[in-house]
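To start, the structure under review is shown below, and the notes come after it.
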Amino acid sequence: MKKLSLLSLCLALMLVLSNCSKDNTEPIDTIYPEINTATSDAFPKQCSVVKRGEKFIFKALLSDNVQLGSLNLDIHHNFDHHTHSTELEECNLAQVKQPVKPFLLIKNITIPSGQKTYQASAEIQIPADIDPGDYHFMIRLTDKEGWQTIKGLSIKIE
Amino acid sequence: MKSFYVLLFPLLLIFQTGFGQAKNSLPDSTLKTTPPPSTHQLKEVVIKDKRLQLRQKEESLNVITIGSDFIQRNLSGSLMKTLERLPGIKTIGIGSGQSKPLIRGLGFNRVVVIDKGVKHEGQQWGADHGLEIDQFAAAEVELIKGAASFIYGSDAIGGVIDVKPANAPQKNTLGGSIDLIGKSNNNLYGSSVNVFGRKEDWFFDSRITYQNYGDYSVPTDTVFVYDYAVRLHNRNLRNTAGQETGLHLNTGYVKEGFRSVFYLSNIYSKSGFFANAHGLEPRRVNTEMHDASARDVQMPNQQVNHFKLINRSNYQAKGHKLEMELGYQRNFRQEFSQYVNHGYMPPVYPDYLSISPELEREFDKRVYSMNLRDMINVGNHQLTTGFNSEYQDNAINGWTFLVPSFKQASAGVFVYDKYKINEQVLLHGALRYDYGQIRMFKYTDWFDSELTAGETIISEKLIRANDLNRSFNSLVWSAGINYNVHNFLLKANIGKSFRMPIAKELGANGVNYHYFSYEKGDATLSPEQSYQLDLSLGWNEDRWSVLISPFYNYFPNYIYLNPTANHDFYYGAGNQIFQYAQSKVLRYGGEFQLKYKVTENLSTELLGEYLFAKQVSGDKKGYTLPFSPPASALANLTWSPESESFFKHSYFSIDYRITAKQNNIVPPEKKTPGYGLINIQAGIKFGLCRQQLTLSLQAQNLLNTKYLNHTSFYRLIELPEAGRNIIMSLKVPFNIPLNKQKKEINNELSNKYN
């Protein structure tokens with residue numbers, strides 16, 4: 001009998017332990033932000049071509065279910081075909097070549113705080129003296145919670 | 001085909017040696033731990049069982065002990081993977097078998113691995129390589145689930161895995177064993193050869209292990225690394241092959257009241273990383289080169305060498321039992337990968353640098369350890385006082401940077417009292433004080449980065465880490481009770497544990513090439529503290545037993561890698577910044593174990609585990625902790641025939657493990673669906689040339705189920721776990737009788753068989 005009461009006491013203790021922290025807070029956010037480059041005015045798109053010595057306007061529609069975080073653009077060469085895009089469509093790549101003065105851009109675009117959707121737009125100047133060829137245009141978007149979506153586009157600089 | 005011959009060759013060798021000495025060898029080969037006549041063997045086993053039962057009853061922490069039998073039966077890619085069958089134990093693996101342990105969801109530097117009495121120090125923080133431990137050399141493994149800092153010092157927050165070597169051989173013996181192993185999934189073949197001997201007081205015990213494996217196969221043709229579809233050749237995971245060697249030599253002097261043993265070992269491994277998922281982004285690779293052979297290791301790959309020299313001595317006199325361990329370890333790890341410039345690195349690797357363009361990373365760690373303990377019995381008190389100290393020197397190399405070089409020293413003293421009130425109640429109390437110091441060294445980039453200062457753009461080499469000197473101290477305690485009446489067992493323990501922040505948490509500032517993230521340390525972190533309450537309730541009957549072990553755990557300042565909303569736009573090439581931070585964390589869960597003997601030959605087992613973790617403050621308030629294992633249960637049915645039949649010591653066992661889905665995630669994790677797996681184990685012991693051979697067979701993931709493991713290193717890139725794997729292992733013991741012994745044994749043999 002003594003054993004039994006001891007056992008039940010312990011079970012009761014366990015029950016208390018397992019219940020004591022179930023405060024009901026709002027559900028956590030597990031949804032990734034979205035980068036939309038499908039709209040008609042979005043640029044660049046997969047396989048877009050831009051020119052040296054000229055400017056182009058980057059445009060994409062960003063959205064998140066709670067709040068957008070930060071946006072980063074990165075252009076780096078793909079002369080060695082080492083990387084690939086996240087898009088299904090394949091672009092024609094030029095021959096593999098050694099970089100001499102490849103274009104490099106790492107640019108942060110500020111998203112005003114508290115936004116669920118944002119039309120991002122930024123002017124990008126391509127210097128005239130850089131290597132032409134295949135490049136990658138990486139768009140990295142986070143939301144406030146730290147979920148990140150990456151879009152990798154293949155572009156050409158002529 | 002080649003592997004077949006490699007397997008065959010040692011087999012031939014064994015049988016030859018076996019036949020050669022058939023006349024004189026012993027009927028039972030378990031001589032190492034038991035005296036020759038097999039009637040004694042049974043007795044020994046019983047004693048061992050009692051010892052474990054006693055340990056279970058006298059230890060207020062949750063302890064599981066497993067022997068080499070368990071390892072042989074469930075042999076997996078690594079010791080940690082083998083232990084995964086136990087409730088509450090999981091691993092973070094990289095597929096090919098190498099893995100890091102997770103005890104109740106805590107891993108890396110929150111689990112202490114003790115090897116031959118000394119804390120194993122490698123690069124514990126990394127998920128991409130295994131523990132440098134040879135599972136063939138492990139005779140017994142003791143697992144402590146729960147806070148054990150009071151005896152093991154910093155890091156023992158989640159638990160302890162104590163790997164014990166084989167006991168010293170019996171007097172006047174010379175013998176050994178040959179293990180052969182083959183695995184179908186990654187075409188692994190391997191062998192471990194052990195030779196031991198002892199005259200009177202001196203003994204030696206040596207072992208050589210070699211394993212070689214190819215790319216492992218997964219039940220899918222295409223893997224999606226983020227959104228990029230990677231086609232797999234023959235369903236093999238490109239470039240995940242590898243090799244491992246282990247060399248061991250133990251020698252020492254054993255006498256009543258005094259023993260001193262030296263353990264020398266060197267573990268080396270070379271293994272490849274999945275080629276499409278290493279670097280700053282998913283990569284297109286030269287598939288022709290990689291797919292030409294499933295056994296070659298191309299870049300990216302890693303090589304790890306772990307050297308150890310340990311001395312363990314103990315001395316008993318006047319009621320005191322003095323123990324000492326002295327250790328030297330060197331862990332040397334290199335990661336090789338083709339140079340890929342990122343951020344402002346020059347597009348072509350400059351030839352003026354002295355570092356090889358293929359050496360991505362190098363960590364060189366030297367560790368000196370010393371432990372002292374004194375045990376004394378005073379009345380009903382068993383008092384243990386002890387001292388642990390460790391000094392580490394860590395150097396780095398390679399063209400990338402993640403963690404600065406550092407030196408670290410720590411020391412701790414403890415006192416632990418076990419007080420036996422009566423036959424039923426044991427009380428435990430412990431107190432410990434630790435002091436530690438870490439000195440990190442400045443690191444400057446070898447290339448210029450572009451910085452904007454106001455309107456102008458300047459180029460300069462960035463300082464990634466500054467000199468830093470920090471010291472920590474901590475006072476921890478533990479209290480526990482054991483209550484044993486008849487068949488009932490109760491254990492309770494409450495304790496405080498701590499962990500010194502590691503160099504990576506304080507000073508990381510670089511890209512993690514596996515997760516495409518930029519990791520940043522925080523030099524101001526305070527030592528992590530943890531309070532844990534452990535409970536175990538058990539009931540043992542002849543035919544059945546049940547054990548329930550819940551726990552409750554609170555961290556006022558858990559250190560975790562927080563994925564922020566920001567990006568690094570220098571060295572990290574725009575990668576997301578993961579910042580080390582501290583938050584309050586609450587965890588609870590438990591394990592359940594039920595054993596029932598249906599008939600004399602048929603037994604069944606039900607194991608279950610559950611874990612809940614939640615951050616209750618900080619940036620990720622409301623989220624769980626990374627790598628939280630989902631709930632799972634394992635049902636087992638084991639058939640072991642009559643001990644009289646030909647099939648004595650044989651078994652056939654089937655495991656069905658069902659794992660729940662894990663929707664409780666934290667960035668950057670993904671929700672993982674649940675799955676069910678069937679594993680089969682079978683084995684037989686049989687006599688051949690008067691040696692008792694053990695043949696074990698396993699089928700892991702019998703149905704070739706395609707599933708994702710939430711705690712896998714490759715989970716983020718949606719990589720399924722290994723498909724069906726048939727594992728076969730054979731243990732062939734041998735004895736070389738010494739002249740003096742021959743006659744005796746022959747007499748015994750003739751007595752026995754007449």
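How long is the gain from residue B:227 to residue B:479 if the chain were fully straight, where each residue apart is worth 0.36 nm and the alpha carbon distance is subtracted? Don't skip to the end; give the middle numbers.
Numbers: separation 252, 0.36 × 252 = 90.72 nm, distance 5.15 nm.
Length difference between fully extended and current span is 85.6 nm.
Working from Cα positions, state the angle (0 to 90°, nearest 10) between the long axis of helix B:2-20 and the longest principal axis of chain B.
That works out to roughly 30 degrees.
Which aspartates and glutamates, if any, have their Cα less than 12 Å from the Cα of residue A:97, not counting same-chain residues under 8 positions apart?
Counting by Cα, and skipping residues close in sequence, residue A:97 has these aspartates and glutamates nearby: A:80, A:131, A:134.
What is the extension gain from residue B:455 to residue B:487, computed as 0.36 nm multiplied by their sequence separation minus the C-alpha to C-alpha distance, in nm to one decimal? Before the final figure, lay out the partial values.
Details: separation 32, 0.36 × 32 = 11.52 nm, distance 7.93 nm.
Working it through step by step, the gained length comes to 3.6 nm.
My understanding is that a pair violates if its Cα-Cα distance is over 25 Å; which of B:90/B:671; B:365/B:442; B:57/B:81; B:145/B:584 do that in this structure? Could the numbers behind the result be given before it?
Values: B:90/B:671 18 Å; B:365/B:442 17 Å; B:57/B:81 27 Å; B:145/B:584 21 Å.
From B:90/B:671; B:365/B:442; B:57/B:81; B:145/B:584, over 25 Å: B:57/B:81.
Only loop residues by DSSP count here, and only those with at most 16 other Cβ atoms within 10 Å; note down the GluC sites (Glu not before Pro) in the stretch B:483-542 that meet that. Provide the component values of the computation, followed by the final result.
Working: sites: B:505, B:519, B:528, B:541; in loops: B:541.
For GluC sites (Glu not before Pro) across the stretch B:483-542 that sit outside H, G, I, E and B with at most 16 neighbouring Cβ atoms in 10 Å, the list reads B:541.
What relative contact order, as a whole-number percentage, does chain B give when Cα pairs under 8 Å and 6 or more residues apart are counted? Could you put the intermediate results ahead of the total?
Details: 2052 pairs, mean separation 91.8, N = 754.
About 12 percent, as a whole number.
Modelled label-to-label distance, residue A:52 and residue B:680, 7 Å Cα→beta-carbon offset: nm?
Here the answer is 6.6 nm between the modelled labels.
Apply 1/(1 + (r/R0)^6) to the Cβ-Cβ distance of residue B:356 and residue B:546, taking R0 = 60 Å, and write down the FRET efficiency to the nearest 0.05. Let's see the in-between values first.
Details: r = 58 Å, r/R0 = 0.97.
E between residue B:356 and residue B:546, to the nearest 0.05, is 0.55.
Could you work out the relative contact order of the stretch A:33-157, using alpha carbon pairs under 8 angstrom and six or more residues apart, expressed as a whole percent?
Working: 307 pairs, mean separation 50.0, N = 125.
Computed value for the stretch A:33-157: 40 percent relative contact order.
What distance in nm lies between label points placed 7 Å from Cα along the C-beta direction at residue B:171 and residue B:69?
Once both label points are built, they end up 2.8 nm from each other.
Give me a single rounded figure for A:145-156: the average over its residues of other chain Cβ atoms within 10 Å of their Cβ. Let's see the in-between values first.
Numbers: counts 9, 15, 7, 10, 2, 8, 2, 5, 0, 0, 0, 0.
Whole-number average of other-chain Cβ neighbours for A:145-156 is 5.
7 Å from Cα along Cα→Cβ at both residue B:295 and residue A:97: what's the point-to-point distance in nm?
The modelled label-to-label distance comes out at 4.3 nm.
Which of B:171/B:648; A:116/B:614; B:199/B:648; B:164/B:308 have a Cα-Cα distance over 22 Å? Write out the running numbers ahead of the final one.
Working: B:171/B:648 29 Å; A:116/B:614 26 Å; B:199/B:648 33 Å; B:164/B:308 15 Å.
Long pairs (Cα-Cα over 22 Å): B:171/B:648; A:116/B:614; B:199/B:648.
Mind checking A:70-77 for the average number of partner chain beta-carbons within 10 Å of each residue's beta-carbon?
Numbers: counts 6, 3, 9, 3, 10, 1, 9, 2.
Mean inter-chain Cβ contacts per residue within 10 Å come to 5.
If you restrict to DSSP beta bridges whose two residues both lie in the protein assembly as shown, what percentage is antiparallel, to the nearest 5?
95 percent
Multiplying the sequence separation of residue B:642 and residue B:55 by 0.36 nm and subtracting their Cα-Cα distance, what value in nm do you get?
Numbers: separation 587, 0.36 × 587 = 211.32 nm, distance 2.94 nm.
Separation in residues times 0.36 nm, less the Cα-Cα distance, equals 208.4 nm.
Can you give me the angle between helix B:739-753 and the longest principal axis of chain B, using Cα atoms only, in degrees from 0 to 90, rounded to the nearest 10?
For B:739-753 against chain B, the angle is about 60 degrees.
No lab work stands behind these numbers, since they all come straight from the coordinates. In this text, all values refer to a predicted model and were calculated from it rather than measured experimentally. Glycine also receives a Cβ, built like all others from the backbone with ideal geometry; neighbour counts cover every protein chain displayed.
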